[in-house]
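*Asks:* Got a structure for you, questions after.
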Amino acid sequence: MPIPLLRPIAALCLITSFALPPAASAREMNREEILKEGETMAFGLLEHFNHRYHGRSWVDGVFWVGFTDMAATSDDPKWLEALEKLGNRKLRHSKEEYGPWVLLHHDDVKGAKEPHHADDMVIGEAFLYVYEKTKDPAVLEDIRRRVDEASTHILGKEAADKAAKANELGWRQGLTWYWCDALFMAPPLHARLSAVTGEPKYREAMHTEWQRASDLLYDPQEHLYFRDKKFVTKTTRKGHKTFWSRGNGWVMAAFARTIPYLPRDDPKRDWYVNQFKEISARMASLQRPDGTWSPSLLDFEEFPYSEMSCTALTCFGMAWGINNGLLDDKTYRPVVEKAWAAMLASREGNEHRFMGYVQGVGAEPERVRARKFTGYGNGAFVMAAVQLAQMAPVQVPDIPALSAAPPREEK
């Protein structure tokens with residue numbers, strides 16, 4: 001589906017195009033240059049927060065997932081030291097004390113704990129990397145307990161009965177992973193832990209719940225995921241289906257982080273690969289001229305912004321697909337290179353040189369502001385940098401100026 005052109009008057013009213021030159025001219029980047037960008041982003045955020053190693057929430061967890069990807073490219077002990085400092089730190093969250101290497105418990109809207117909430121799991125990937133390096137059993141203890149409990153729940157009769165009625169139940173009630181972001185937060189840990197421990201139960205539970213989420217949220221005609229059940233019948237003002245770009249970026253990245261840990265003879269592997277290819281093709285067709293994706297994938301006019309968290313997650317996923325022979329290099333390399341060019345351009349004018357144009361925490365398409373950066377945005381940038389480095393040398397093409405909503409007027 002072609003992206004509709006902006007109406008000039010609407011464009012002037014709704015957006016501000018920041019004249020940020022992406023580069024004086026198209027240029028080439030080698031592996032070392034790309035990894036340097038990732039390292040600068042990773043340690044820059046730590047310095048920004050005064051090396052406090054705060055939090056294990058999903059916002060922080062996505063950053064640390066990217067950090068572990070960078071750590072795996074280097075022999076410098078500073079990477080592992082930072083991760084060990086993160087995990088060994090005690091912290092307080094929602095009035096509770098959490099010890100070293102312990103996953104958080106998410107509170108629902110009523111303040112009750114959700115014991116199997118996917119957001120709590122994502123930091124486990126960073127912890128698991130430390131275990132793989134150190135073999136310290138204390139690092140693995142809580143991760144394994146929580147994933148085992150979640151797997152038992154997912155494979156149990158109660159979860160199966162609710163999933164069978166998912167179309168009738170409330171949007172939070174039918175599934176354990178009831179929103180598409182959850183596919184990034186929990187399944188990669190299930191798959192990786194299964195590979196590390198040899199326990200097939202974790203992988204079986206992942207297959208079961210991802211299939212349930214796909215049955216409910218994946219649109220086989222559009223080859224895109226709805227963010228959650230509320231959006232299955234929701235349309236934009238123009239009558240387009242509402243597909244949140246970052247939500248689909250989460251899914252793209254989830255495939256890239258999960259498939260590597262599936263055994264070659266896993267009967268479900270081809271299902272993941274085929275859906276990954278379908279979504280990749282659809283996302284490539286929806287890329288904006290500036291290399292980004294709009295917050296609302298099918299309605300460029302309603303949200304005509306250069307949204308960078310989707311862009312970085314999609315760039316990561318597609319680059320991984322190229323590197324692993326699942327996506328055609330000739331077809332997808334230009335898409336990835338344009339996305340990378342946009343990611344670099346988004347740092348211009350940002351006080352900390354972090355990736356800007358990131359939609360804030362949310363669950364649907366919203367406005368994007370040029371100076372907005374987040375931990376999950378920076379983490380996605382670092383993940384993408386690692387994969388781009390494997391593709392090097394890469395071209396950084398000229399792109400049009402990025403677009404964002406006007407800054408809020410100060411009172």
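*Asks:* Which shape class applies to region 228-370: rounded if a/c is under 1.5, otherwise prolate when a/b exceeds b/c and oblate if not, where a ≥ b ≥ c are the square roots of the Cα gyration tensor eigenvalues?
*Replies:* Values: a/c = 1.89, a/b = 1.28, b/c = 1.48.
Taking the square roots of the gyration eigenvalues as a ≥ b ≥ c, region 228-370 is oblate.
*Asks:* Hey, another quick one. Can you give me the P(r) profile for region 32-404? Cα pairs, bins 20 angstrom wide beginning at 0, each as a whole percent.
*Replies:* 31, 62, 8
*Asks:* Another one. List the trypsin sites (Lys or Arg not before Pro) within region 24-129 that DSSP assigns to loop and that have no more than 13 neighbouring Cβ atoms inside 10 Å. Present the calculation step by step, with values, prior to reporting the outcome.
*Replies:* Numbers: sites: R27, R31, K36, R52, R56, K78, K85, R89, K90, R92, K95, K110, K113; in loops: R52, R56, R89, K90, K95, K110.
Loop-located and lightly packed - R52, K90, K95, K110.
*Asks:* If Lys and Arg each add +1 and Asp and Glu each add -1, what is the summed charge of the other residues whose beta carbon sits under 14 Å from the beta carbon of R145? Please report the intermediate quantities before stating the final value.
*Replies:* On the way: positive: R144, R146, K201; negative: D120, E141, D142, D148, E149, E199.
Taking every other residue near R145 into account, the sum is -3.
*Asks:* At 222 nm, what helix-only mean residue ellipticity would the chain give, in deg cm²/dmol to the nearest 500, using -39500 (n - 2.57) for each DSSP H run of four or more?
*Replies:* On the way: 15 runs with 202 residues, N = 411.
Only helices count here, giving -15500 deg cm²/dmol.
*Asks:* Moving on to the next point. Out of residues 5 or more away from V396 or on other chains, whose amide H comes under 5 Å of its own, with H placed 1.01 Å from N in the peptide plane?
*Replies:* R27, E28, M29
*Asks:* Let me check I've understood the local charge: for E125, count other residues with C-beta under 10 angstrom from its C-beta, Lys and Arg +1, Asp and Glu -1. What total comes out? Present the calculation step by step, with values, prior to reporting the outcome.
*Replies:* Values: positive: R192, R257; negative: D69.
With Lys, Arg at +1 and Asp, Glu at -1, the neighbours total +1.
*Asks:* Quick one: Cα centre-to-centre distance for region 120-195 and region 205-234, in angstrom?
*Replies:* The two parts, judged by their Cα centres, are 17 Å apart.
*Asks:* Could you give P(r) for region 189-233, binned at 5 Å from zero, as whole percent values over all Cα-Cα pairs?
*Replies:* Calculated P(r), rounded to whole percents: 5, 22, 21, 14, 14, 13, 8, 2, 0.
*Asks:* Given charges of +1 on the Cβ of Lys and Arg and -1 on the Cβ of Asp and Glu, with all other atoms neutral, how large is the dipole of the chain about its Cα centre, in debye to the nearest 20? Don't jump to the answer; show the numbers that get you there.
*Replies:* Numbers: 53 positive and 56 negative charges, 145 e Å.
So the dipole magnitude of the chain works out to roughly 700 debye.
*Asks:* Which net charge results for the neighbourhood of A384, defined as the other residues with beta-carbon distances under 10 angstrom from its beta-carbon, given Lys and Arg at +1 and Asp and Glu at -1?
*Replies:* Working: positive: none; negative: E37, D69.
That works out to -2.
*Asks:* Turning to a different aspect of this structure: For the chain, build the charge dipole from Cβ charges (+1 Lys, Arg; -1 Asp, Glu) around the Cα centre, then report which of G99, A389, L83 sits farthest towards its positive end.
*Replies:* Sorting the options by dipole projection puts first G99.
*Asks:* Taking H placed 1.01 Å from N in the peptide plane, check which residues at least 5 places from H93 or on another chain put their amide H under 5 Å from its amide H.
*Replies:* The answer is Y98.
Bear in mind that the values in this text are calculations on the coordinates, not laboratory data. Bear in mind that the values here come from a model prediction, so they are computed numbers and not experimental data. Here Cβ is always computed from backbone atoms with ideal geometry, including for glycine, and neighbour counts include all displayed protein chains.
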